[in-house]
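In what follows, a structure is listed as structure tokens, so that the remarks can point back to it.
The values are calculated or read from the model by the stated rules, or taken from the named source; none is laboratory data. Quick caveat, the model's predicted, so the values are computed rather than measured. When we count neighbours, we look across all protein chains shown, and the Cβ atoms used for this are built from the backbone with ideal geometry, even at glycine. Ligands, DNA and RNA are stripped out before the accessible areas are found, and what is left, the full protein with its side chains, is counted by its heavy atoms. Shrake-Rupley method; radii C 1.70, N 1.55, O 1.52, S 1.80 Å.
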Amino acid sequence: MKITAYIKNLFNRIKNNSTATNIIIVGVVSVIVKVFGFYKEVVIAGEFGLSEILDTFFIALLIPGFVNQVFLSAFKSVFIPNYIAEKKANSSNIAAFQSTSFTITLITSVVFMLIAYLFTDVFLELFYSGHTDNYYRLIKLQFYYLLPCILLWGLTSLVSGLLNVYDEFAYSSIYPIITSVVMIICIVFYKDVFGEAVLAIGMLIGSTIQLVFLALVALKKHILKFAKPDFKSTNAITMFRQVPAKVSSGFLTGLIPVTDQYFAAQLLVGSIAALNYGMKIPAFFTTILILALGNVLLPYFSKMTLDEPKKAFKTLYWVIKWTFLGILGIVLIASFFSTEIVTLLFERDNFTSEDTSIVSKIQVIYLIGVPFAICGNLFVKFLTSINKNAFMAYVSFGAMLLNIILDFAFMNWLGLIGIALCTTIIQVIKIFVFYGYTNKQKHLLTS
């Protein structure tokens, strides 16, 4: 009876807490999205294994994905807290603020599309020299289809951020499922039609449909508002000032997987794909909780720090403590069954038992870093909500330099395993640095 009463009381508390409800909604939706994403990876693994086409697809995706993660997603993170501040201080100007943000996103996306196009040959010669002509042909073939995704992802990211501000978390979380479904359809039914570019074309089509879906939702919810852009409003200026630091932080952080892939490319063919498959399960946990916690808590903390800073810090530490302990338990279990998980999900057709042995070891190392990565991201979300992006840029710079040093040392010592180990060590170090700085901000803002 006591257990039943406790469960009932817990359910009522969650039901009456909109933040907890939103976190659960995003978590459940993210699980559904990741299930489709994993099935997509299973289909790809069975079709391509650790092959040249898959290696070249990941390389072709590297620059567009890097631009999306570093510049476009960074702008979204800065946009949310300053949009909330503008909405609270001057709601009549909110349409102009939206138009300003969309204008900046559009211009930035086009500029980076041009830079990516012009920089590709130099990038390949500098980082991926020594391969066959067919290897470079496959990279460029897929890259040209992926290039327009930069613009599509930029606009999608901003609309998704708006939906988060207005608590439409289900819609802003479900849309990635579209690309997974489209890519599966393309691989299963149109591989012969699209040929070697099937993965890139599937991603392009899926990205286009995603943007259309979110735009229609935002229009139906009357969230999108347009007016003459206002580049001189106080919060717009604050947002612009925060962008360089946030972009620098994202840029330097984004260099870590680029560096990992560079060193992996020096090893056997298939090493890049092995790293990517080894990250799939860890990314499953990381992505779900970062989406469920980060997407909800960024606007939540942005609102709370304006009104109740002491409560905001207290909530942050409580969430981080229980998140770390909960994820640690899951990670230990997943690590114990690492080989069985890889065998079940990926070992079929061209993905052999030898591939499973390599990937499962990499997977364990990445799993160890999951609780640190998730809690580190929560610190990042909180510091973003109070516009402390400059500090995160310094941390990212130090992490990037350390990653290069450790990648070089550990690769020569442990090979591909060493590259994965380096990433986990960086995650552990960063969380302690973020904790120390956040504690300092607590004394400054609440004293």
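The table that follows gives values for the structure above.
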item	result
In nm, spacing of pseudo-spin labels at Lys225 and Leu402 (7 Å Cα→C-beta vector)	4.4 nm
Projected label distance in nm at Ser91 and Asp121, using a 7 Å step from Cα toward the beta-carbon	5.5 nm
Kirkwood Rh in Å, taken over segment 139-196 so that all alpha-carbon pairs contribute	13.4 Å
Residues of the chain: accessible area per residue with a 1.4 Å probe, Å²	45 Å²
Translational diffusion coefficient (Stokes-Einstein; Kirkwood radius from C-alpha pairs) of segment 92-155 at 4 °C, 1.567 mPa s, in µm²/s	94 µm²/s
Cross-link pairs beyond the 18 Å C-alpha cut-off, checked among Lys246/Lys440; Lys246/Lys430; Lys311/Lys440; Lys246/Lys314	Lys246/Lys440; Lys246/Lys314
The chain - charge dipole about Cα centre, Lys and Arg +1 at Cβ, Asp and Glu -1, debye rounded to 20	2460 debye
Rg over Rh [alpha-carbon atoms, Kirkwood Rh] for segment 79-204	1.10
Span-like helix ranges in the chain, DSSP H, alpha carbon extent 30 angstrom or more, Kyte mean at least 0.0	18-48, 94-127, 198-220, 234-265, 309-336, 389-414, 416-446
Computed FRET value (nearest 0.05) for Leu344 with His443, which takes r as the C-beta separation and R₀ as 41 Å	0.25
Value of Rg to Rh for the chain (Rh from inverse mean 1/r over Cα pairs, i.e. Kirkwood)	0.96
In Å², nearest 10: area of Phe372 left accessible to a 1.4 Å probe	40 Å²
Label-point separation, Ile209 to Leu114 (7 Å along Cα→Cβ), nm	3.3 nm
Shape call, segment 262-318: gyration tensor on alpha carbons, a/c limit 1.5	prolate
Helix-only [θ]222 nm of the chain, DSSP H runs n ≥ 4, -39500 (n - 2.57) each, per residue, nearest 500	-28500 deg cm²/dmol
Positive-end residue of Thr352, Ala334, Leu383, charge dipole of segment 312-444 with Cβ unit charges	Leu383
Rg over Rh [alpha-carbon atoms, Kirkwood Rh] for segment 205-362	1.06
Selected from Ala274, Phe127, Ile223, residue furthest toward positive end of dipole (the chain; charges at beta carbon)	Ile223
Protein-only accessible surface order, largest first, of Tyr144, Tyr135 at 1.4 Å	Tyr144, Tyr135
Largest to smallest accessible area among Phe119, Phe313 [probe 1.4 Å]	Phe119, Phe313
Rg(Cα)/(2.2 N^0.38 Å) for segment 203-275, N = residue count	1.77
Calculated FRET value between Phe189 and Thr103, using beta carbons and R₀ = 41 Å, to 0.05	0.60
Gain in span if fully extended, Leu141 to Thr238, counting 0.36 nm per residue against the direct Cα distance	30.9 nm
Cα gyration tensor, segment 330-421 - rounded (a/c under 1.5), prolate or oblate	oblate
Solvent-accessible area, 1.4 Å probe, carbon plus sulfur percent, for the chain	68 percent
Charge dipole of segment 132-205 about the Cα centre (unit charges at C-beta), most positive-ward option of Ile205, Gly154, Phe169	Ile205
Zone of Ile333's modelled label, taken as backbone nitrogen in segment 33-50 under 19 Å from a point 7 Å along Cα→Cβ	34-35
Relative contact order (%) - the chain, alpha-carbon pairs under 8 angstrom, separation at least six	24 percent
Part-to-part distance (alpha-carbon centres) for segment 184-223 and segment 15-93, which is given in Å	15 Å
Contour minus Cα-Cα distance for Ala390 and Asp167 (0.36 nm per residue)	77.5 nm
